[in-house]
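Note sheet for the following structure.
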Amino acid sequence: MMEEANEARSPGLSVSTHSIRVTEAVRDGDTVIFIVISQKLSGTGEYHVDRTYDDFEWLQQSLFCPEGVPGIQGVIFPPLPTKPQVNAPAKVLKQLGFLAMGKDWQIYCMALETYLQQVAAHTTLNKNPNLEVFLTSSEPPGRQRVRKGIFNRLSHAMEGIRKESHKDVDEFFQTERDNNLTLTGCSKSAMEKFLDVVMTEQKISVACGHFSASLHLCVEHQDDSVALAFSKICVKLSEVIDSMKKNLDNVAENDMSTLGLGLDLDSRYQEAEKEMLFRRTCKLVELETASRNAEKAKPVKKATMEEVKNTVEKEFDNISGVAKQEIGRFQAARVMMLRRALTLWCEKQLHTARESSSLYSQHLQAFRDMEE
């Protein structure tokens, strides 16, 4: 989940958690290849691996279905970003939101980097041997076949029944489910509204670019003093409008790489918590069914039904125990993440504003010099 890696070293990993980077995305036809770099703990160099989105999906699926990990269904898994689309229509790109914006997929690379760092920082998930394979192996792991895990089977089996509204036996989880339902909608709405702001900034930037270019059409190459003065004003005004365009580009880029990315991550994590709570609810329904079957079972099947009930009850208790710990860490980490995104957003925008103010002062002085 969204938790800080308190240690540079994660159990079972030969790389430093903080050093994991997704440095660039390279297009190969309709496929996007991501370059993943991590620092060796031995200090003798770095791992450089090429990974496609299919490889990331392989890793996520591997995390879903480890064997011998009690309560794994209670984990809030770091959410993998939606699959990138190359040459996709505007409707599809809108589903990616901030992740489809920026130059050369850099925003998307930042989202994948955050995903890998949070998997590596998770005290349960970082013990999965497939994470080490993903980060260090020169072979593409995504080409290996991964059996479908229990989460996939649960998802397909229970999807039509929709057990989200099933009453919980634990007030803590019922309250958390209600809060999550509200926050999921609010987080998504906040992300979409902020996305509209950024897209508007980009539209204004494009308009400024057109206006700046159009002003050059007013320039006349004549000896007439009035026409010459007017042309100079048009050229200078074009420079001012072009500075406004660059400022808006920087503001939009800051919005995307800080608060925009933070809101997108928060929205995806709310969905991840919702999925965890749904898995626990499915197990609760399974336990209630097993309990009823045990009560109604005939003497010849009584022992078998009781054994099934006890097994399911133990699984449910393990899931609930892990889920409570995950929710506690998630809530604390969510506040820290949003605060960090807001702080970085303010710092970058303040820096951009200072640079723009200095540039506008130079333009103003240039206009005053023209008057003289």
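Here are the numbers for the structure shown:
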| quantity | calculated |
| --- | --- |
| Ranked 345, 58, criterion: other C-beta atoms within 10 Å, fewest first | 345, 58 |
| Neighbourhood net charge (12 Å Cβ-Cβ; Lys/Arg +1, Asp/Glu -1) for residue 232 | -3 |
| Extreme residue, positive dipole direction of the chain, given options 229, 290, 259 (C-beta unit charges) | 290 |
| Lysine pairs in the range 286-372 with Cα atoms under 25 Å, if 8 or more residues apart or on separate chains | 9 |
| On Cα atoms only, tilt of 171-215 relative to the major axis of the chain in degrees | 20 degrees |
| Estimated dipole of the chain in Debye, rounded to 20 [Cβ of Lys and Arg +1, of Asp and Glu -1, Cα centre] | 1600 debye |
| Using θ = phi - 60° and Karplus 6.51 cos²θ - 1.76 cosθ + 1.60, couplings along the range 128-141 (whole Hz; Gly, Pro as x) | 5, x, 5, 5, 4, 4, 4, 7, 10, 6, 6, 7, x, x |
| Relative contact order of the chain, pairs being alpha-carbon contacts under 8 Å that are 6 or more residues apart, as % | 22 percent |
| Packing rank of 188-198, 74-84, where each peptide gets the mean count of other beta carbons within 10 Å, highest leading | 74-84, 188-198 |
| Lysines with Cα under 23 Å of residue 188, excluding same-chain neighbours fewer than 8 positions away | 83, 91, 94, 163, 203, 274 |
| Within the chain, helix-based [θ] at 222 nm, where runs of 4 or more DSSP H residues each add -39,500 (n - 2.57), nearest 500 | -23000 deg cm²/dmol |
| Distance (nanometres) between label positions extended 7 Å along Cα→Cβ at residue 355 and residue 44 | 4.2 nm |
| Full-extension gain in nm, residue 171 to residue 315, via 0.36 nm per residue minus C-alpha separation | 49.9 nm |
| Crossing angle, helix 299-371 versus the chain [Cα axis fit, 0-90 degrees, rounded to tens] | 10 degrees |
| For the range 258-273, 3J(HN,Hα) per residue [Karplus equation, 6.51 cos²θ - 1.76 cosθ + 1.60, θ = phi - 60°, Hz, x = Gly/Pro] | 10, 5, x, 5, x, 5, 5, 5, 4, 5, 5, 6, 4, 5, 5, 5 |
| Amide H within-cut-off set for residue 27, under 5 Å, with H built and near neighbours excluded | 33 |
| Length added when fully stretched, residue 368-residue 242, from 0.36 nm per residue minus Cα-Cα | 43.5 nm |
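None of the figures in this text is laboratory data; all of them are computed from the coordinates on show. Fair warning: this is a prediction, and the values are worked out from it, not measured in the lab. Please note: Cβ atoms are built from the backbone with ideal geometry, for glycine as well, and neighbour counts cover all protein chains shown.
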